[in-house]
Amino acid sequence: MLISPAYAQAAGGDGGSGMIQMLPLVLIFVVFYFLLIRPQQRKMKAHRSMVGLLKRGARVVTGGGLIGTVTKVLNDNELQVEIAEGVRVKVMRNTIQEVLSRAEPAGKGGEARKKAANDEGEAAGTAQKGGGFGLSNLLGLGGGKKSDS
């Protein structure tokens, strides 16, 4: 006839083939663990310890990008952050993304810190006026010093 008969294969041919089929899945899990899961766990642990050490006087950056100073630790989950002179907001502790500077004891190095802040401001002003390294200087778009004539 036109159709040839189909015969079933013998059951239980190769016992090791099941293990070989599972090997790629195990390797994928191992790669995911070392490239994704483990680094994320380390990052979360570092963030938890950073947030746990927040004290009054620390300069912080919130998740929304606001920069402020911690004025009061309200409880385990909330902080009071001053984002402008006289403007204080309550912030969840977990939304703090970065600590810019740690709290310093009062009266220690106040003048040196103010002088350093002024020096940084002058350096930033110089960079904005074209004295620094900017994209316009690299591309030659007239970011250099201008002559008064």
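Take the residues in the range 55-90 that are over 11 Å from Ser101 (Cα atoms) and of a type in the set (Gly, Ala, Ser), then tell me which one is nearest to the chain's Cα centre (by Cα).
Gly63
I'd like to know if the range 66-81 contains one or more residues that are modelled with pLDDT under 95, surrounded by fewer than 12 Cβ atoms within 10 Å (Cβ to Cβ) and assigned to a helix (DSSP H, G or I).
The answer is no; no qualifying residue exists.
State yes or no: is Gly13 of a type outside the set (S, T, N, Q), modelled with pLDDT under 90 and more than 18 Å from the chain's Cα centre (by Cα)?
Taking the combined requirement at face value, the residue satisfies it.
Could you list all residues from the range 94-106 that are surrounded by 11 or more Cβ atoms within 10 Å (Cβ to Cβ) and either under 15 Å from Ala46 (Cβ atoms) or at pLDDT below 90 (or both)?
Hits for the range 94-106 are Asn94, Ile96, Gln97, Glu98, Val99, Ser101, Arg102, Ala103, Glu104.
How many residues are within 12 Å of Thr69 (Cβ to Cβ) and small (Gly, Ala, Ser) when one looks only at the range 81-102?
Residues that pass the stated criteria total 2.
Of all the residues that make up the range 82-102, how many are assigned to a strand (DSSP E or B) and not β-branched (Val, Ile, Thr)?
9
The values are calculated or read from the model by the stated rules, or taken from the named source; none is laboratory data. What you are looking at is a predicted structure, and each value in this text was computed from that prediction instead of being measured. With ideal geometry, Cβ positions are generated from the backbone for all residues, glycine too; neighbour counts draw on all protein chains shown.
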